[in-house]
Amino acid sequence: MSILVNPAFERNHAQTLSTRLREPRRFLQVVAGPRQVGKTTLVQQVLDRLDTPSVFVSADEPTLADPAWVAAQWDRARIAAADAGKAGAVLALDEVQKIPGWSETVKRLWDEDSRARRPLKVVLLGSAPLLMQQGLTESLAGRFEVVHLPHWSLAEMRTAFGFSLEQYLYFGGYPGAAPLIQEPQRWRRYLLDALIETTIARDVLLTTRVDKPALLRRLFELGCRYSGQVLSYTKMLGQLQDAGNATTLAHYLDLLGGAGMLTGLQKYAGKAVRQRGSSPKLQVLNTALMTAQSGLSPEEARADRQFRGRLVESAVGAYLANASASGVCELFYWRERNREVDFVLRAGRTVVAIEVKSGRAPEAFPGLSAFTDAFAPKRTLLVGGDGISLEEFLTRPVEHWLQA
């Protein structure tokens with residue numbers, strides 16, 4: 001299923017990659033992000049618009065899983081670069097993580113070109129974030145920079161597909177699934193089979209040692225059911241009815257977060273050691289994961305006030321968590337006794353506290369006052385109700401709320 005790259009998406013991501021590829025050769029460019037966010041399409045469109053020649057190849061074919069294939073494609077791109085003179089050329093390797101030992105081969109070839117001063121620029125793409133990150137950190141340290149493609153925002157889904165706020169809350173930010181929203185059951189099966197199961201089976205279980213795969217799957221389901229809620233590891237283990245431990249659950253949350261599915265926000269405390277030791281606040285990275293797992297129709301989801309409230313809060317959390325994954329800020333929650341702040345953003349010395357009025361929260365917000373007394377944030381924001389409208393909050397970049 002083809003994925004459109006809309007103007008809003010291009011401004012944020014394609015322009016960044018295009019600018020870097022027009023600069024003198026400095027770093028490998030790594031295009032990273034969850035499945036089905038348009039990585040391949042974006043890179044192909046950028047290459048089509050460059051003035052320099054390019055070679056785009058994919059290692060998706062199992063019979064090509066050989067480092068010699070990478071070297072052969074690299075030589076092909078070297079010839080194109082030599083023919084182009086000073087302008088050079090671009091080589092894009094898609095699904096490169098499927099090649100055993102890919103990072104060592106890329107390192108060797110990149111270093112050869114650096115010594116020879118060849119004007120060949122290289123883009124790496126992969127659909128297994130965990131494997132990509134492992135290869136980058138082990139072999140390519142200091143040689144790459146990342147263009148992170150997060151899940152699509154409300155503004156991007158609206159520009160490309162005309163999504164309303166209600167459609168975005170339910171169907172989330174998967175562009176590949178957007179053509180199916182008129183058939184919710186078909187859309188749900190696509191999410192469950194082609195996205196959720198594929199991500200867990202291929203991007204997590206086949207790339208990392210997981211001693212309890214059934215526990216990881218149940219943890220993902222639990223996270224979707226309790227997204228937006230703080231849950232101790234002890235309570236999670238009780239819900240999951242497993243004899244695991246907190247360390248295992250924390251590790252599995254990290255794996256699911258690396259795959260762009262589910263994360264556990266840590267408590268803001270000003271000290272990293274306390275943050276890491278806190279009970280996590282479960283947070284999906286795309287609300288489509290919640291609704292697909294719930295089995296509720298769009299009408300049932302809107303009518304269920306409690307579920308819709310969690311959906312609203314999770315949409316805000318997913319928007320902020322994707323920005324955090326892109327390096328815009330750090331994201332936490334805060335709780336002290338019965339006082340809580342839904343989200344805390346930190347970028348450098350700037351701290352912003354955010355409370356979401358989702359329809360299931362109390363009218364008063366003593367958490368914001370208590371947090372302000374304790375940490376003196378730059379500002380406090382109320383989203384929904386008589387505060388900033390949910391639609392306005394989700395359609396502005398996170399940087400706006402940090403700097404405004």
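Within segment 236-249, can you find the residues that are surrounded by 14 or more Cβ atoms within 10 Å (Cβ to Cβ) and either within 23 Å of Ala318 (Cα to Cα) or β-branched (Val, Ile, Thr) (or both)?
Met236, Thr248, Leu249
Being modelled with pLDDT of 90 or more, under 17 Å from Arg26 (Cα atoms) and out of contact with any helix residue (DSSP H, G or I) (no Cβ under 7 Å at 6 or more places or on another chain) narrows it down to one residue among Asp113, Asp83; which is it?
Exactly one of Asp113, Asp83 is modelled with pLDDT of 90 or more, under 17 Å from Arg26 (Cα atoms) and out of contact with any helix residue (DSSP H, G or I) (no Cβ under 7 Å at 6 or more places or on another chain), namely Asp113.
For residues that are among the hydrophobic types (A, V, I, L, M, F, W, C) and assigned to a loop (DSSP other than H, G, I, E, B), scanning just segment 138-162, find the one that is nearest to the chain's Cα centre (by Cα).
It comes out as Leu149.
Based on this model, can you work out whether Ala81 counts as in a helix (DSSP H, G or I), touching a Pro at 6+ places or on another chain (Cβ under 6 Å) and buried (at least 20 other Cβ atoms within 10 Å of the Cβ)?
Answer is yes for this residue.
Can you confirm whether Glu340 is among the acidic types (Asp, Glu), within 24 Å of the chain's Cα centre (by Cα) and surrounded by 19 or more Cβ atoms within 10 Å (Cβ to Cβ)?
Answer is no for this residue.
From Gly257, Gly264, which residue is assigned by TED's automatic domain parsing to the domain that holds Thr372, within 17 Å of the chain's Cα centre (by Cα) and closer than 22 Å to Arg337 by Cα?
Gly264
Check Tyr319, Tyr333 and return the single one that is touching a Lys or Arg at 6+ places or on another chain (Cβ under 7 Å), in contact (Cβ under 8 Å) with a residue 12 or more places away in the chain, buried (at least 22 other Cβ atoms within 10 Å of the Cβ) and among the hydroxyl-bearing types (Ser, Thr, Tyr).
None of the others qualify; the one that does is Tyr333.
On the basis of being farther than 26 Å from Ala318 by Cα, modelled with pLDDT of 95 or more and either touching a helix residue (DSSP H, G or I) at 6+ places or on another chain (Cβ under 8 Å) or of a type outside the set (Phe, Trp, Tyr) (or both), does Lys107 make the cut?
Against the criterion (farther than 26 Å from Ala318 by Cα, modelled with pLDDT of 95 or more and either touching a helix residue (DSSP H, G or I) at 6+ places or on another chain (Cβ under 8 Å) or of a type outside the set (Phe, Trp, Tyr) (or both)), Lys107 qualifies.
Between residues in segment 34-50 that are under 19 Å from Gln133 (Cα atoms) and residues that are polar (S, T, N, Q) and assigned to a helix (DSSP H, G or I), which pairs lie under 6 Å by C-beta distance while being six or more apart or on different chains?
Pairs found: Arg35/Thr199.
Somewhere in segment 15-31, is a residue surrounded by fewer than 22 Cβ atoms within 10 Å (Cβ to Cβ), touching a residue at least 60 places away in the same chain (Cβ under 8 Å), assigned by TED's automatic domain parsing to the domain that holds Lys121 and within 18 Å of the chain's Cα centre (by Cα)?
Looking through segment 15-31, at least one residue is surrounded by fewer than 22 Cβ atoms within 10 Å (Cβ to Cβ), touching a residue at least 60 places away in the same chain (Cβ under 8 Å), assigned by TED's automatic domain parsing to the domain that holds Lys121 and within 18 Å of the chain's Cα centre (by Cα).
Conditions tested, residue by residue: (1) in contact with a strand residue (DSSP E or B) (Cβ under 9 Å, 6 or more places away or on another chain); (2) farther than 19 Å from Leu169 by Cβ; (3) among the charged types (D, E, K, R).
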site: Arg310; (1), (2), (3): no, no, yes
site: Val316; (1), (2), (3): yes, no, no
site: Leu331; (1), (2), (3): yes, yes, no
site: Asn338; (1), (2), (3): no, yes, no
site: Leu345; (1), (2), (3): yes, yes, no
site: Leu368; (1), (2), (3): yes, yes, no
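Select the helices (runs of 4 or more DSSP H) contained entirely in segment 281-367, then report the ones holding at least 1 residues which are of a type in the set (Lys, Arg) and farther than 30 Å from Pro129 by Cα.
Ranges flagged: 298-303, 305-325.
Taking Leu311 as the residue in question, decide whether it is farther than 18 Å from His151 by Cβ, surrounded by 21 or more Cβ atoms within 10 Å (Cβ to Cβ) and of a type outside the set (S, T, N, Q).
Judged against the criteria, Leu311 is not a match.
Each row is one residue, and each column tells you yes or no for (1) within 22 Å of Arg49 (Cα to Cα); (2) in the same structural domain as Val55 (by TED's automatic domain parsing); (3) without any contact (Cβ under 8 Å) to a residue 24 or more places away in the chain.
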site	(1), (2), (3)
Ile79	yes, yes, yes
Lys107	no, yes, no
Arg117	no, yes, yes
Gln133	no, yes, no
Ser164	no, no, yes
Leu169	no, no, no
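Every residue in segment 181-232 that is in a helix (DSSP H, G or I) and modelled with pLDDT under 90, please.
Across segment 181-232, the qualifying residues are Arg202, Asp203, Val204, Leu205.
Within segment 115-125, does at least one residue satisfy the condition of being part of a helix (DSSP H, G or I), within 30 Å of Val204 (Cα to Cα) and in contact with a Ser or Thr (Cβ under 7 Å, 6 or more places away or on another chain)?
no
Determine whether Gln97 is at pLDDT below 90, part of a helix (DSSP H, G or I) and surrounded by 14 or more Cβ atoms within 10 Å (Cβ to Cβ).
When the stated conditions are applied, Gln97 passes them.
Which residue, of Arg209, Arg202, Arg217, Arg186, is crowded, with 18+ Cβ neighbours inside 10 Å and either of a type outside the set (Ser, Thr, Tyr) or touching a residue at least 40 places away in the same chain (Cβ under 8 Å) (or both)?
Arg217
Considering only segment 163-179, I want to know if a residue exists there that is part of a strand (DSSP E or B) and either over 18 Å from the mean Cα position of the chain (by Cα) or not hydroxyl-bearing (Ser, Thr, Tyr) (or both).
no
The values are calculated or read from the model by the stated rules, or taken from the named source; none is laboratory data. As the structure is a prediction and not an experimental result, all values here were calculated from the model. All Cβ positions, even for glycine, are placed from backbone atoms using ideal geometry, and neighbour counts span all protein chains on display.
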